Amino acid sequence: ANELKAKGNEAFAAGNHTAAIDFFSQAIELDPTNHVLYSNRSASQASLKKYTEALADAERTVELMPGWAKGYSRKGAALFGLQEYAMAVTTYQDGLKHDPESALLKKGLSDAETALEQEKDGGAGYGDFANQMSNAFKGDVLAKIAANPKTASFLADAEFVRKVRDIQVNPENLSKYMDDQRITVAMFTLMGMGDVFAKGADDFMNDAEEPKAQSPTQAKPAPKAEPEVTDTEEEVVEEDSDSAAKKAQAAVAKDKGNAAYKAREFDEALVQYSNAIELDSTDITFWNNKAAVYFEMGKYDECIETAEQAIEVGREYRADYKHIAKAMGRIGTAYSKKDNLDKAIEFYNRSLTEHRAADVLTKLRAIEKLRKQREEDEYLDDEKGNAARERGNELFKAAKYAEAQAEYSEAIKRSPTDPRNYANRAACLTKLIALPDAIKDCDKCVSLDPTYVKAYTRKANALFLMREYAEALDALEEAKLHDTDKKNSAEIDQTEYKCYSAITEQNSRQTPEQAIARAQANPKIAAVLANPIMQNILQQMQSDPRAAREHLKNPAIASNLRKLIAAGIVRMG
């Protein structure tokens, strides 16, 4: 039962009130006379605004331990939530009889009396408590939250900010976020009740150590399930003081560890960071720093294990997501050193989910590129590549171009340096009218083998179909240059004739003036016309047409002239 109660306390502190109720309920089944369990479950029910259930648990608490003031506090809070203000006043007064100095009961009594007066006066204040809670989030709420030390740290979490803004736009969504304790704290703080709520939360977590309680009908202490402590406040102060001292000592150990790390004295750094963790195991930075030392020492398994512990600590104690992201990123880097690329990519992606850091993104892209390259290298097989190309050839002959393209693509994966695979796929793509892709394959082919004539002619055919006649003619000129044995001369001449015929037909449908107007709208043609050298050549050709033959011997000038011919600017007789 105590173990379940401890889990319930943890869930309550984390704002998971539904889980807390479940844990306390299980504990009650094992120890049904433990008044603390009913009190804690009552607090959880009230946090979810289940005031009827909270009241039932509070009444059971008072029944089991009539002399325990906190039971009356629980009952008063539940009655207040049910807007039974007169009964809440009576309950708080009964509680003060057992603990006249309880600030929580005094504040509860004051609030209940105020609400009761306002209810009698017909006011809307506490009489409409739900509206008051929703109204708390109106106006410049984020600035108010930032100005309060108790709530300012909440704004570091983008999810919290999103919830606040949603409540501002849709006040009815407040109840949806009540499981988040930060929303509850912020609400009471904005309502001017922050001190009361904070006290109640602290008080709740101290339920494990109960003050000595006297039954109103007994002179001796009533039976209790919890250890008896004569003065809870004193005990808590001593615990906090001890905790603060340990945190201070841990910070000193961390500083010593940092100094040793910078001096590359890694053994000493490990000792100091381990000391810091022993003193304060809740600080994720100590774990992260220790993992960094293991990484520098080349102990990657220890680095991963320590960084995973850092993540667990960060999750449990709600560390800044950047620290959690750093731990995940370090695990990714450790896995990359172990050459486990899949795990490295997994943790880099998880790190980026927490916080998008540029250095982690760069590492991720590098590892992904390396993995892709390795996968491609492992797939290489010239023999299987040749077989795939042969299958593609048979399919091409059968006019099954899509299937042939797939086989040629497989051949490229298996043997990416064979120019034939690209040239054959370009022929398929041309048949499928995927002309830009066909041109890319032709360019890749000639980059692998500049003398591959078929790549130039297939590129020319694709450009012809795109009506890029001047560029098609340029490709044919390259084909002529490399067709030293003249095996492809017939195909080259035929394609060249088609290009000039198409140019002639195109020019016949437009006047010289129209051709000039269209040329000026084309950046490529306009650039040629603006070239001073080309202007001189055109003037020379106008006075002496035979000069064109000499100029066509220059490949660059010939290419520009073909562009002008295709555009209808220069017309050949």
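The values are calculated or read from the model by the stated rules, or taken from the named source; none is laboratory data. Computed from a predicted model, the values in this text were never measured in an experiment. Cβ sites come from the backbone with ideal geometry, for glycine too, and all protein chains shown count toward neighbours. Remember, those area values only see protein heavy atoms, side chains included, never the ligands or the DNA or RNA. Shrake-Rupley method; radii C 1.70, N 1.55, O 1.52, S 1.80 Å.
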For the range 447-458, what are the residues that are open to solvent by 30 Å² or more (accessible area, probe 1.4 Å) and in contact with a helix residue (DSSP H, G or I) (Cβ under 8 Å, 6 or more places away or on another chain)?
-> LEU448, ASP449, PRO450, THR451, TYR452, LYS454, ARG458
Hey, can you tell me all the residues within the range 394-421 that are crowded, with 17+ Cβ neighbours inside 10 Å and over 39 Å from the mean Cα position of the chain (by Cα)?
-> LEU395, PHE396, TYR401, ALA404, ASP418, PRO419, ARG420, ASN421
From TYR348, TYR401, TYR335, TYR379, grab the single residue that is aromatic (Phe, Trp, Tyr) and without any contact (Cβ under 8 Å) to a residue 24 or more places away in the chain.
-> TYR348
Looking for whichever is out of contact with any Pro (no Cβ under 6 Å at 6 or more places or on another chain), small (Gly, Ala, Ser), touching a residue at least 12 places away in the same chain (Cβ under 8 Å) and under 26 Å from ASP381 (Cα atoms) here; the options are ALA472, ALA411. Which one fits?
-> ALA411
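Can you pull out every residue in the range 134-160 that is open to solvent by 20 Å² or more (accessible area, probe 1.4 Å), part of a helix (DSSP H, G or I) and within 22 Å of ASN16 (Cβ to Cβ)?
Result: SER153, PHE154, LEU155, ALA156, ALA158, GLU159.
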Among helices (runs of 4 or more DSSP H) completely within the range 1-100, the ones holding 1 or more residues that are under 26 Å from GLN118 (Cα atoms) are 35-47, 51-64, 69-81, 85-98
What is the one condition in (1) surrounded by 12 or more Cβ atoms within 10 Å (Cβ to Cβ); (2) modelled with pLDDT under 95 that ARG391 does not satisfy?
-> (2)
Kindly indicate whether any position in the range 372-379 is more than 30 Å from ASP485 (Cα to Cα) and not in a helix (DSSP H, G or I).
-> no
Check the range 84-95 and report whether any residue there is under 47 Å from the mean Cα position of the chain (by Cα) and either within 20 Å of SER47 (Cα to Cα) or of a type in the set (D, E, K, R) (or both).
-> yes
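From the list ALA253, ALA245, pick out the single residue that is in a helix (DSSP H, G or I), modelled with pLDDT under 95, on the phi < 0 side of the Ramachandran plot and in contact with a helix residue (DSSP H, G or I) (Cβ under 7 Å, 6 or more places away or on another chain). Steps first, answer last, please.
Working: ALA245 fails: in contact with a helix residue (DSSP H, G or I) (Cβ under 7 Å, 6 or more places away or on another chain).
None of the other options fit; the residue is ALA253.
Results for (1) within 30 Å of PHE160 (Cβ to Cβ); (2) among the hydroxyl-bearing types (Ser, Thr, Tyr); (3) in a helix (DSSP H, G or I), shown as yes or no for each residue.
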{"site": "ALA269", "(1), (2), (3)": "no, no, yes"}
{"site": "ILE277", "(1), (2), (3)": "yes, no, yes"}
{"site": "LYS290", "(1), (2), (3)": "yes, no, yes"}
{"site": "VAL293", "(1), (2), (3)": "no, no, yes"}
{"site": "GLU302", "(1), (2), (3)": "no, no, yes"}
{"site": "GLU305", "(1), (2), (3)": "no, no, yes"}
{"site": "GLN309", "(1), (2), (3)": "yes, no, yes"}
{"site": "VAL313", "(1), (2), (3)": "yes, no, yes"}
{"site": "TYR335", "(1), (2), (3)": "no, yes, yes"}
Give the number of residues within the range 470-515 that are out of contact with any helix residue (DSSP H, G or I) (no Cβ under 9 Å at 6 or more places or on another chain), part of a helix (DSSP H, G or I) and either open to solvent by less than 60 Å² (accessible area, probe 1.4 Å) or polar (S, T, N, Q) (or both).
-> 5
From the list ARG356, ARG350, ARG371, pick out the single residue that is of a type outside the set (A, V, I, L, M, F, W, C) and either exposed (fewer than 12 other Cβ atoms within 10 Å of the Cβ) or modelled with pLDDT of 95 or more (or both).
-> ARG356
Within the range 413-466, which helices (runs of 4 or more DSSP H) (wholly inside it) include 2 or more residues that are of a type outside the set (A, V, I, L, M) and under 14 Å from PHE396 (Cβ atoms)?
-> 419-431, 453-465
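Does any residue of the range 290-305 turn out to be farther than 23 Å from MET328 by Cα and among the basic types (Lys, Arg)?
no
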Scan the range 518-534 and give yes if some residue there is open to solvent by 40 Å² or more (accessible area, probe 1.4 Å) and more than 53 Å from the chain's Cα centre (by Cα), otherwise no.
-> yes
Criterion (in contact (Cβ under 8 Å) with a residue 40 or more places away in the chain and within 56 Å of the chain's Cα centre (by Cα)) met by exactly one of ILE569, ILE503 = ILE503
Of the residues in the range 442-470, those that are within 23 Å of THR504 (Cα to Cα) and of a type in the set (Val, Ile, Thr) number 1
Restricting the range 44-74 to residues that are within 35 Å of the chain's Cα centre (by Cα) and touching a residue at least 40 places away in the same chain (Cβ under 8 Å), the one most open to solvent (accessible area, probe 1.4 Å) turns out to be LYS49
Subset tally (residues that are assigned to a helix (DSSP H, G or I) and open to solvent by less than 100 Å² (accessible area, probe 1.4 Å)) for the range 537-554 | 8
